[in-house]
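The next block holds one structure in the form of structure tokens; read it before the comments.
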Amino acid sequence: MDKQYDVIILGAGPAGMTAAIYGSRAGLSCAMIEMAAPGGKMVKTYEIQNWPGIKEISGADLAYQMFEHSTQWGAEYLYGDVTEIRDGEIKQVICRDGTVYQGKTVIIATGTRERLLNIPNEQKLTGRGVSYCAVCDGSFFKDQPVTVIGGGNSALEESLYLTQFASKVTVVIRRDVFRAEPVIQKAMEDNPKIEVIRSHVPVEIVEKDGKVGGIVLKNVNDGTLTTLTTSAVFPYIGADPCTEFARALPILDERGYVIVNDKMETACRGIYGAGDVTVKNLRQVVTAANDGAIAAQQAFHQLKG
Ligand code: NAP
């Protein structure tokens, strides 16, 4: 056991990596603990057009650049699947493999994970036509019809991305209006390859030859069922916070998001939240970075007075 850090950062998305930049540049010993590739959702995003100073960059490129930057002043990047945080003067961060890290402060920046449709054949056909990452899997469906479920920013942005490959992209929304920003809706409306089905929800994915062959949709107004032929289903129906490890702490709201004040402090002294995992209105790369900077700066003030 167990190296002790000034700041342990859980998650290496834009919030966590920015916290690592600010913390390590201020002279604090920092470690990011991450269970996947650095970058969080950026890695799965085709294009980012609202990171100030860069008009257009692929999510993977921005993630890579942030990662290089975040380790420049000595912040460590560690693999770990965190299962528990024990609060105290020195916090203990416990990983699934039994590793325990000790930190004077902890910044929770673990983001969110995609919601499942929870309908028949979804799990069975994941990787065989059901995908939660258009950037990763879209090119498998060249000249084939694909279906996107959801009407938020993610669903519409990924639908636009999929039009490069697919013969047709059908977007299914459960209301008759979108949740996405108007600028993204406009881009979608202008794209002749995208068709929208409103007021329908998916009820079953149809298997054909061991792969996705269609999807059964229910009209929410009259209950009628329609089967749509499709080679792929991309659910983009929102996300839930990754905070199972913090359930014993009095820092989560009823949905599991981390409650923070404007200094990114939680109800536990020395434990901060940053990025999509916190209770907030605008979940963006730029707001995640903002949170990470504030959390690390606050940790610095706590530790150095
Ligand atoms: P979201 O904004 O919560 O949208 C989820 C969509 O899925 C909504 O259209 C919702 O319908 C629908 N939905 C939810 N549950 C469903 C179900 N069981 N069956 C069918 N449809 C269902 O999620 P998101 O698009 O993943 O975005 C998450 C956050 O990241 C948002 O704050 C978003 O603004 C942000 N984001 C921003 C950008 C950007 O700025 N470029 C890009 C991606 C994400 P209802 O509308 O009827 O609830």
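Okay, here's what the table says:
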item: Region 106-151: number of residues that are aliphatic (A, V, I, L, M) and over 29 Å from residue 293 (Cβ atoms); result: 9
item: Some residue of region 68-81 being closer than 22 Å to residue 260 by Cβ, crowded, with 20+ Cβ neighbours inside 10 Å and of a type in the set (Gly, Ala, Ser); result: yes
item: Failed criterion for residue 128 (all others in (1) touching a residue at least 60 places away in the same chain (Cβ under 8 Å); (2) open to solvent by 70 Å² or more (accessible area, probe 1.4 Å); (3) within 24 Å of residue 39 (Cβ to Cβ) hold); result: (3)
item: Residue in region 180-195 that is in a loop (DSSP other than H, G, I, E, B), within 13 Å of the ligand (Cβ to nearest atom) and either open to solvent by 70 Å² or more (accessible area, probe 1.4 Å) or at positive phi (or both) present; result: yes
item: Conditions (1) more than 20 Å from residue 98 (Cβ to Cβ); (2) at pLDDT below 95; (3) in contact with a strand residue (DSSP E or B) (Cβ under 7 Å, 6 or more places away or on another chain): number failed by residue 44; result: (3)
item: Output for region 164-179, where each listed residue is within 19 Å of residue 134 (Cβ to Cβ) and open to solvent by 20 Å² or more (accessible area, probe 1.4 Å); result: 164, 165, 167, 168, 178, 179
item: Contacts under 9 angstrom Cβ, first residue in region 153-171 being touching a residue at least 12 places away in the same chain (Cβ under 8 Å), partner of a type in the set (Val, Ile, Thr) and assigned to a helix (DSSP H, G or I), 6 or more apart; result: 153/184; 156/184; 157/184; 158/135; 160/184; 161/135
item: Lone unmet requirement of (1) within 21 Å of the chain's Cα centre (by Cα); (2) open to solvent by 50 Å² or more (accessible area, probe 1.4 Å) for residue 108; result: (2)
item: Near pairs, Cβ below 6 angstrom, 6+ apart or cross-chain, from region 134-148 (modelled with pLDDT of 95 or more and surrounded by 18 or more Cβ atoms within 10 Å (Cβ to Cβ)) to any residue that is among the small types (Gly, Ala, Ser) and in a helix (DSSP H, G or I); result: 148/155; 148/159
item: Enumeration of residues in region 163-179 that are closer than 23 Å to residue 218 by Cβ and more than 10 Å from the ligand (Cβ to nearest atom); result: 168, 169, 170
item: Scan of region 112-158 for residues that are assigned to a loop (DSSP other than H, G, I, E, B) and near the ligand (Cβ under 10 Å from one of its atoms), ordered by number; result: 115, 116, 117, 118, 119, 150, 151, 152
item: Top-ranked residue in region 30-52 [being over 19 Å from residue 291 (Cα atoms) and away from the ligand (no atom under 16 Å from the Cβ); ranked as surrounded by the fewest Cβ atoms within 10 Å (Cβ to Cβ)]; result: 36
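The values are calculated or read from the model by the stated rules, or taken from the named source; none is laboratory data. Worth saying up front: this structure is predicted, and the values here are computed from it rather than measured. All Cβ positions, even for glycine, are placed from backbone atoms using ideal geometry, and neighbour counts span all protein chains on display. Keep in mind that these areas ignore ligands, DNA and RNA; they rest on the heavy atoms of the full protein, side chains included. Shrake-Rupley method; radii C 1.70, N 1.55, O 1.52, S 1.80 Å.
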